[in-house]
1. Six or more apart or on different chains, Cβ under 8 Å: which pairs go from a residue in region 147-174 that's of a type in the set (Asp, Glu) to one that's within 15 Å of ligand 1 (Cβ to nearest atom) and in a helix (DSSP H, G or I)? Could you list them?
2. Sort through Gly101, Gly151 and tell me the only one that's within 16 Å of ligand 2 (Cβ to nearest atom) and crowded, with 20+ Cβ neighbours inside 10 Å.
3. Within region 73-113, count every residue that is part of a helix (DSSP H, G or I) and in contact with a helix residue (DSSP H, G or I) (Cβ under 8 Å, 6 or more places away or on another chain).
4. Kindly indicate the residue of region 50-72 that is outside any loop (DSSP other than H, G, I, E, B) and in contact (Cβ under 8 Å) with a residue 40 or more places away in the chain and also surrounded by the most Cβ atoms within 10 Å (Cβ to Cβ) among those meeting that condition.
5. Hey, among the residues in region 59-85 that are among the charged types (D, E, K, R) and more than 16 Å from ligand 1 (Cβ to nearest atom), which one's farthest from Val112 (Cα to Cα)?
6. For region 146-165, which residues satisfy the criterion of being closer than 21 Å to Gln206 by Cα and either away from ligand 1 (no atom under 14 Å from the Cβ) or not in a helix (DSSP H, G or I) (or both)?
7. Can you tell me which residue among Ala37, Ala72 is near ligand 2 (Cβ under 9 Å from one of its atoms), under 22 Å from Asp105 (Cβ atoms), at pLDDT below 55 and aliphatic (A, V, I, L, M)?
8. Please pick out the residue among Ala181, Ala158, Ala186 that is within 16 Å of ligand 2 (Cβ to nearest atom) and under 12 Å from the mean Cα position of the chain (by Cα).
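The values are calculated or read from the model by the stated rules, or taken from the named source; none is laboratory data. Predicted, not measured: the structure shown is a model, and the values here were computed from it. We place every Cβ from the backbone using ideal geometry, glycine too, and count neighbours over all the protein chains shown.
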Amino acid sequence: MLAEMGIRVWNTGEPGPATVAEAVAEPTAAATPAAPAVVQPPQPKAVPGSRALGVDAMDWAALRAAVSGCTACKLCSGRTNTVFGVGHERAHWMIVGEAPGEQEDRQGEPFVGKSGMLLDNMLRAVGLTRSDAPPAEQVYIANTVKCRPPGNRNPEPAELAQCEPFLIRQIALVQPRLILAMGRFAVQSLLRSDEPIGRLRGRVHQYQGVPLVVTYHPAYLLRNPEDKAKSWDDLCLARELLSKAPATP
Ligand code: URA
Ligand code: SF4
């Protein structure tokens, strides 16, 4: 019954952006800030927006400022807004997507286009929201890259590598109890795996001790609605995991 409800409410309209087909570049350790794309003279002191502060030590305000001023990869030149993330800063659920699209670039918020409508419906079906709510119900949503790739092309390995420390720091600050990795880029970034989503979904992985569930990207589901039932199963698996997790502060 629930499954029917979930699937019915997940209907949306047109296809979303193209999915992904590339592997990410060399792994970038969480604690190692990526080098700027352009060689710059040494900076005398830490400047918000540069990597001089050390992304791995930033609080939310510094991290936000660093992303909004970031020029570490060439995606900065085409953006209208950076798309940092949205939701509860100590959410139990953290959702990781791919890259901003046109609407996200315009509004500066992740998943506000067609894929976002589907995501919101999926979340609602398991009692979750991006809007104000306690941390068990309000998720945190972030992408693997914070600037829109032109024409919604796939982010390139170098762009993913440059942007990754921001996502890693967001996860460290949120300290989620569960990560839902949606689509191949999120999986490549967090699990360092090139296996197809279909092979990784349906079981529990770990990201630095945090349970991680893999599922299809909403843009993929818009083009392949027959797989919505599997995504529903993935959400149920995630919910089940959290309901079994010991209550910690
Ligand atoms: N797709 C994503 O992965 N992220 C967004 O923010 C929008 C669409
Ligand atoms: Fe910086 Fe990430 Fe934007 Fe590239 S995509 S400019 S690394 S914020």
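1. Every condition considered, the pairs that remain are Glu159/Leu75; Glu164/Ser189.
2. Numbers: Gly151 fails: crowded, with 20+ Cβ neighbours inside 10 Å.
When all the criteria are applied, what remains is Gly101.
3. The first filter runs over region 73-113 and keeps only residues part of a helix (DSSP H, G or I), leaving 74-78, 102-107.
Checking the rest, the ones that are also in contact with a helix residue (DSSP H, G or I) (Cβ under 8 Å, 6 or more places away or on another chain) come to 74-75, 78, 102-104.
Of the residues in region 73-113, 6 are part of a helix (DSSP H, G or I) and in contact with a helix residue (DSSP H, G or I) (Cβ under 8 Å, 6 or more places away or on another chain).
4. Let us first name the residues in region 50-72 that are outside any loop (DSSP other than H, G, I, E, B), namely 50, 55-57, 60-68.
Within this subset, residues satisfying the condition of being in contact (Cβ under 8 Å) with a residue 40 or more places away in the chain are 55-56, 60, 63, 66-67.
Working: Val55: 24, Asp56: 15, Trp60: 14, Leu63: 23, Ala66: 27, Val67: 22.
Top of the filtered list is Ala66.
5. So the first thing to find is which residues in region 59-85 are among the charged types (D, E, K, R), and the list is 59, 64, 74, 79.
Imposing the further condition that a residue be more than 16 Å from ligand 1 (Cβ to nearest atom) reduces the set to 59, 64, 74.
Numbers: Asp59: 25, Arg64: 19, Lys74: 23 Å.
Taking the candidates together, the pick is Asp59.
6. Ala161, Glu164, Pro165
7. Unique residue meeting the criteria: Ala37.
8. Details: Ala181 fails: within 16 Å of ligand 2 (Cβ to nearest atom); Ala158 fails: under 12 Å from the mean Cα position of the chain (by Cα).
After applying the criteria, what remains is Ala186.
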